[in-house]
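The next block holds one structure in the form of structure tokens; read it before the comments.
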Amino acid sequence: MKRRDFLMSSGAAAVGLVAAQNGLMAAHPPAQDLVIQKAAYRFRDSVTQGLVSLSADAPPPVLRGRVGQPMRLAVTNQTPDYTAMHWHGLRIPNAMDGVPYLTQLPIAPDETFLYEFTPPDAGTYWYHPHCMTMAQMAHGLTGVMVIEERGDSGFDSEEVLNLRDFRLADDGGFLPYYTARGAARGGTHGNVLTANWQQEPVYDHVAGSLVRLRIANTDTTRIYRLHLEDAEARIIAWDGHPVRQALDLPSPKAPLFVGPGQRVDFAVRMPDGEGRDVPIIAELPGRETQIMARLRSVGASLKRHLNDLPPLPENPVTRPDLEKAEMHEFVFGWTPEGGAPDDGLCGSLGYSFWSINRTPWMGDAATGSGPLAVLERGKSYVLRLRNESPNLHPIHLHGLVFLPIRSNRRALPALLTDTALLLKGEVIDIALVADNPGDWAFHCHVIEHQKTGLAGYIRVT
Ligand code: C2O
Ligand code: CU
Ligand code: CU
């Protein structure tokens, strides 16, 4: 049986089953309608047309849920292309993961797909399409998803920064959003760097208050090298999950690398004194630094202290048993330039340049492409991620959370994550418990790499 035919029948049945289970578990919350549509927006002097968002004139909103509370998101496609929505970092049932042909069929124009799930983990996550991925993400369709903890986490306020580039001409129109040259190397970078689609926005918070600053890199390509200037701050979460160990604050010389798909949460204690600000700065290799946004103090000081904050509650992630873990190796590298991956209705960039274990992934829709590895449910594994190229790759695994345990290039803090940024020539071992059954996409989050061969999937039985 062809993979696509198989999914037509089994995928539909699985969706019904998950919906039924969710329905039994808790009262049905009303579905939130998310309508993917064309948008226009003024980034600089002129209006940019041809964006893709969830409203006609604004960035995709921050979606909010609470850990353990069911969410129902009805995604309607009002574009002329196919789509599918993925909830990056959420450990939810496979049928709700939004990967075309692997977990569902693409959503056709004028069709609606109801995503229903209960987030098991609190933290900063995000959402983006997984069909026409490059086209729709480059044109704006990337949003942040905040899953709140059960109780009060002690902050006075919160700021969410959705960092991403756009590639715009002077007249506001789009430049080509990918290039063969970029796809074969580090990716094509945008030229207008934004936070929440704005350049250097300023956000007011009460002086001396405690702000939870959630930063998500939703760009298709750029690795943001970040630091906060003159801030009294602490890193409290990484890729969604609480950080318990004390990490050095990033500095201009040692900025924090936040790759595409990655998130970092800071606790920031606002400066005392009206008008003082905390700039969030990106180092741009070979260029001047760029202020991404500022937090500005207003009013009389609340005189709070970072130590007032209780630690964030742990998420229920099972720790791998390294003694018993079986190892699988994955080699990420180039491939001789070949034909276009066949991505069914989900768009192709027209080339293959990249490979996993020397095979370029020929697209989600390709028949006969099996899983890269089959993991037995409940067992611990070590996955060795080997970068054979000089380019950086943020390697992302859906549906599971993992722990980096060693690198051949640096001391890596053991922080739970869903995306490991591989440096040039780096080999990172990650450990996980295969506790969520399904076919989980496994790919580079530089979308031009993902769409030209550096993608596959791992099966958990
Ligand atoms: Cu952000 Cu395949 O995911
Ligand atoms: Cu994902
Ligand atoms: Cu890559």
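Given a 1.4 Å probe and the protein chains as shown, His28 ends up with an accessible area of around 110 Å². With contacts taken as Cα pairs under 8 Å at a separation of at least 6 residues, the range 252-353 carries a relative contact order of 17 percent. Cross-link partners for Lys324 among the lysines, with Cα-Cα distance under 20 Å and sequence neighbours closer than 8 places in the same chain left out: Lys379. To the nearest ten degrees, helix 3-25 and the longest principal axis of the Cα atoms of the chain are 50 degrees apart. Other residues within the sphere of radius under 12 Å centred on the Cβ of Arg410, judged by their own Cβ, net out at +2 (K and R +1, D and E -1). Taking every protein chain into account, the accessible area of the chain amounts to 39 square angstrom per residue (probe 1.4 Å). Ordering 207-219, 275-287 by mean Cβ neighbour count within 10 Å, with the highest value first, yields 207-219, 275-287. Database note for the chain: Cys without another Cys beta carbon under 4.7 angstrom, Cys444. For the chain, the alpha carbon convex hull comes to 143 Å³ per residue, rounded to a whole number. At a threshold of 8 angstrom on Cα-Cα distance, excluding pairs fewer than six apart, so keeping six or more, what relative contact order does the chain reach in percent? Once divided by the residue count of the chain, the mean separation gives 14 percent. For the chain, the share of accessible area belonging to carbon and sulfur comes to 51 percent (1.4 Å probe, ligands and nucleic acids excluded).
Protein-only accessible surface at a 1.4 angstrom probe places the residues Arg304, Arg377, Arg222, Arg181 in the order Arg181, Arg377, Arg304, Arg222, largest first. In the chain, helices alone account for a calculated mean residue ellipticity at 222 nm of -2500 deg cm²/dmol, with every DSSP H run of four or more residues adding -39,500 (n - 2.57). In straight-distance terms, cross-link reach from Lys38 covers every one of the lysines whose alpha-carbon lies under 25 Å from its own, apart from those fewer than eight places away in the same chain; here that gives Lys451. Based on Cα contacts under 8 Å between residues 6+ apart, the range 322-460 shows a relative contact order of 31 percent.
Evaluate the charge dipole of the chain about its Cα centre and quote only its size in Debye, nearest 20, assuming +1 on the Cβ of each Lys and Arg and -1 on the Cβ of each Asp and Glu. All intermediate terms of the calculation are to be shown ahead of the outcome.
Numbers: 43 positive and 51 negative charges, 151 e Å.
Its charge dipole is roughly 720 debye.
Count charges around Thr76 for me, please; just the other residues with Cβ under 9 Å from its Cβ, Lys/Arg as +1, Asp/Glu as -1.
-3
The values are calculated or read from the model by the stated rules, or taken from the named source; none is laboratory data. These numbers come from a predicted model, not from an experiment. Don't worry about glycine lacking a Cβ; one is built from the backbone with ideal geometry, like all the others, and counts go over all protein chains shown. Protein only, heavy atoms only, side chains kept; ligands, DNA and RNA dropped before computing areas. Shrake-Rupley method; radii C 1.70, N 1.55, O 1.52, S 1.80 Å.
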